[in-house]
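Okay, structure first, notes after.
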Amino acid sequence: MTTFHGDSHPGQVHADNEDRIGWNLDEQVWLVADGMGGHSSGEVASRIVADTILDEVARKVPLTQCVLDAHQAVADAASGQAEFNGMGSTVVSMQIRDGECEVVWVGDSRAYLWRRGRIERISRDHSFVELLREGAEMSETEVRGHPQRNVVIQTLGMGAPVPGHEHLELKSRDWLLLCSDGLNDELTDKEISNELRRSADPKEAVGHLIQAALDRGGRDNVSVVVVECDKKVRGPGHALRPYGKPVILAFTIAVLALVILWWML
């Protein structure tokens, strides 16, 4: 059985919580949604996103399509009631099947892989600062201090979002972390890694991470889900962007060079 834990906290500043976490264990799907829009509309948006995705995965709808359908559901709800006009939500979701994990997201809620004491970010924020990071060399300090670091460029319920998508092969004991930006706004990736390192299990990890974010100020809602891969997972366990083909190509070129050199001697 998959070991996991999830929790959500309103933070130290806001009384309400516009985040939503959820899962469907039959389909091995987990998600974190972070609503926006003011008053109660953010809570409504994140609830619609979570409910739509979990309802549809139960009907075997592919995860990316579930996210797009959640976008449409939020847009439909916003257009029907004036008080919900302009509401939206981010989402990061994942599904584990046959030793692989599919991650689909829109916005700046994040997914991480924790493997053998090292952390790797799976998702890439749909944000203005992430565009800047891709186009120029920016340090982590510059990114975190940028005045527009919380400006997202894709949101469910508004515009025409194109979900981010990643696949990775899993190893036994891998941990997968989903979170709203209330966590990574307060903690760097290294600090998140440190909290995971001192945690014995997903429940302890979630508690440590949320408390660390609150201790830093908890300026936003904080939601965290940590899933530990089943012990039965086997295979090479490649993380993102495997380097197998370049290595094979380099080896082949080296062998050919040796053969040519031997022939010329």
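The values are calculated or read from the model by the stated rules, or taken from the named source; none is laboratory data. Given the structure is predicted, the values throughout are model-derived calculations rather than measurements. Positions of Cβ are backbone-derived with ideal geometry, glycine not excepted, and every protein chain shown enters the neighbour counts. Just the protein is used for accessible areas: all its heavy atoms, side chains included, with ligands, DNA and RNA removed. Shrake-Rupley method; radii C 1.70, N 1.55, O 1.52, S 1.80 Å.
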### Query
What pairs come up if the first residue lies in segment 16-36 and is buried (at least 22 other Cβ atoms within 10 Å of the Cβ), the second is of a type in the set (Lys, Arg) and not in a strand (DSSP E or B), and their beta carbons are under 6 Å apart, counting only those six or more places apart or on different chains?
Arg20/Arg47
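Results for (1) modelled with pLDDT of 95 or more; (2) crowded, with 21+ Cβ neighbours inside 10 Å, shown as yes or no for each residue.
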site: Arg173; (1), (2): no, no
site: Leu177; (1), (2): yes, yes
site: Glu186; (1), (2): yes, yes
site: Ser193; (1), (2): yes, no
site: Ser199; (1), (2): yes, no
site: Pro202; (1), (2): yes, yes
site: Val206; (1), (2): yes, yes
site: Arg216; (1), (2): yes, no
site: Val224; (1), (2): yes, yes
### Message
For Cys66, only one of the following conditions fails: (1) touching a strand residue (DSSP E or B) at 6+ places or on another chain (Cβ under 9 Å); (2) free of Cβ contacts under 8 Å to residues at least 60 places away in the same chain; (3) open to solvent by 60 Å² or more (accessible area, probe 1.4 Å). What is its number?
### Response
(3)
